[in-house]
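Presented below is the structure to which this report refers.
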Amino acid sequence: MEAVKTTAEGTKIQTKAVKAFGAAAADAQLQQMSIQRRTPTPHDVEIEILYCGVCHSDLHTARNEWHGTIYPCVPGHEIVGRVVSVGSHVTKFKPGDMAAVGCLVDSCRECEYCKEGLEQYCEPGHTQTYNAPDKHLGKQTFGGYSESIVVTEGFVLRVPENLDLAAVAPLLCAGITTYSPLKHWNVGPGKKVGIVGIGGLGHMGVKLAKAMGAEVIVFTTSPSKVADAKRLGADDVVLSTDEAQMAKYAGKLHFVIDAVSAAHNINAYLNLLRIDGSLALVGAPEHPLKVEAFSLIPYRRSFAGSMIGGIAETQEMLDFCGKHNIVSDIEMINIQQINEAYERLLKGDVKYRFVINMASLKK
Ligand SMILES: [Zn+2]
Ligand SMILES: [Zn+2]
């Protein structure tokens, strides 16, 4: 069904209805619904979505746990698909190409951060793939739990052809969220890197840091994850509940990625850093973390954070994964299983990312 929509500026944009899966309210189960997508403008790429990863942010947003969710909410920002049509000015993509979309679909493109390729830190604010103001149609953006998406060319990514497409999807959030800090803090040969927490983010951190040439030490509270962390490439795995094991790495690591979103003692990990070492948070615990001054002062340590990555860096990450044959470990589901998948996600019961086979939405 096609319709004409008049934007706030008075320009008319054609839209068409597409099938999606979303939440009508914070306490509602996700269910099938219809949303409007714009027909491609001259700079747009229209993508038929084949796979969409399930990120913990999807669940937080669908349930309004971070507040500010606009309903209906269609989550999904780990999108892989096939280009079906392009606008007249598009040069990088043609129908039939594989393409990907991550957490961002636009930004101001003019601020100093955007000019540096740091769209994730855009000053006036970037446009997130879902639950952000839609510059074209007003209302909110809708994510990848849908048949198709229309995105401006500059925010569409190329997918390495040698990789399994479904397992590429989680690279768009979990992959770039760990790749960006590893690059920023110069992880490479000769560096000892700690990855705290083995889940969607952590398991990508292990694979990427290892491919960059670092020595990788995983910290987990679960004895059941020790063997798996080694399979993923970890050189050593430490049970963080065991003080003797933790003491072995005190003051020894150059860099730590902390991917834990549950409450935990951050000082135990800051104490692992050697001189000038940094710890970057990529997990987001609900309550403030208690940092002791003497976890930072003695070795001139830094406590930092990092959020996804810019568009150029996301492409660099995808190309790096293509070169090193890196994808996410996934469990494929149909869209009709999404509510059940959210419950399992809450229990950490997935190795290590759910990916929705979007063909199921056509049923
Ligand atoms: Zn995400
Ligand atoms: Zn900007």
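Checked against the criterion of being closer than 30 Å to Glu123 by Cβ and open to solvent by less than 70 Å² (accessible area, probe 1.4 Å), the candidates Gly233, Gly305, Gly213, Gly202 yield just one match: Gly305. If you go through the stretch 315-357 and keep only what is in a helix (DSSP H, G or I), open to solvent by 50 Å² or more (accessible area, probe 1.4 Å) and closer than 14 Å to Gly199 by Cα, you end up with Arg344, Leu346.
Look at Val54 and say whether it is open to solvent by 60 Å² or more (accessible area, probe 1.4 Å) and of a type in the set (A, V, I, L, M).
On the way: open to solvent by 60 Å² or more (accessible area, probe 1.4 Å): no; of a type in the set (A, V, I, L, M): yes.
For Val54, the condition - open to solvent by 60 Å² or more (accessible area, probe 1.4 Å) and of a type in the set (A, V, I, L, M) - is not met.
Within the stretch 168-211, the only residue that satisfies the criterion of being within 16 Å of ligand 1 (Cβ to nearest atom) and touching a His at 6+ places or on another chain (Cβ under 6 Å) is Cys173. In a strand (DSSP E or B), open to solvent by 40 Å² or more (accessible area, probe 1.4 Å), among the hydroxyl-bearing types (Ser, Thr, Tyr) and away from ligand 2 (no atom under 16 Å from the Cβ), is that true of Ser85? So Ser85 does not fit the description; no.
Inclusion of Leu50 among residues that are hydrophobic (A, V, I, L, M, F, W, C) and within 16 Å of ligand 2 (Cβ to nearest atom) is not warranted. Is it the case that Lys362 is open to solvent by 50 Å² or more (accessible area, probe 1.4 Å), more than 30 Å from Ser34 (Cβ to Cβ) and at pLDDT below 95? The answer is no for Lys362.
Residues in the stretch 235-259 that are out of contact with any Lys or Arg (no Cβ under 7 Å at 6 or more places or on another chain) and within 15 Å of Ser295 (Cα to Cα): Met246, Ala247, Tyr249, Ala250, Val256.
The single condition among (1) within 20 Å of the chain's Cα centre (by Cα); (2) open to solvent by 40 Å² or more (accessible area, probe 1.4 Å); (3) within 16 Å of ligand 2 (Cβ to nearest atom) that Glu65 does not satisfy is (3).
Just to be sure before I move on: is Arg158 on the phi > 0 side of the Ramachandran plot, open to solvent by 40 Å² or more (accessible area, probe 1.4 Å) and more than 16 Å from ligand 1 (Cβ to nearest atom) in the structure I sent? Answer is no for this residue. Of the strands (runs of 3 or more DSSP E) lying entirely inside the stretch 1-50, the ones with 2 or more residues being surrounded by 14 or more Cβ atoms within 10 Å (Cβ to Cβ) and modelled with pLDDT of 95 or more are found at 12-22, 31-38.
The sole residue among Gly53, Gly76 that is at positive phi, touching a residue at least 60 places away in the same chain (Cβ under 8 Å), in contact with a strand residue (DSSP E or B) (Cβ under 8 Å, 6 or more places away or on another chain) and within 16 Å of ligand 1 (Cβ to nearest atom) is Gly76. Among the numbered conditions (1) within 16 Å of ligand 2 (Cβ to nearest atom); (2) among the aliphatic types (A, V, I, L, M); (3) in contact with a helix residue (DSSP H, G or I) (Cβ under 8 Å, 6 or more places away or on another chain), the only one that Ala312 does not meet is (3). Quick check, is Gly175 small (Gly, Ala, Ser), open to solvent by 10 Å² or more (accessible area, probe 1.4 Å) and within 15 Å of the chain's Cα centre (by Cα)? Against the criterion (small (Gly, Ala, Ser), open to solvent by 10 Å² or more (accessible area, probe 1.4 Å) and within 15 Å of the chain's Cα centre (by Cα)), Gly175 does not qualify.
The values are calculated or read from the model by the stated rules, or taken from the named source; none is laboratory data. Treat the numbers as computed from the prediction; the structure is a model and nothing was measured. For neighbour counting, all protein chains shown are included, and Cβ atoms are generated from backbone atoms with ideal geometry for every residue, glycine included. Please note that ligands, DNA and RNA were not included when accessible areas were found on the heavy atoms of the full protein model with its side chains. Shrake-Rupley method; radii C 1.70, N 1.55, O 1.52, S 1.80 Å.
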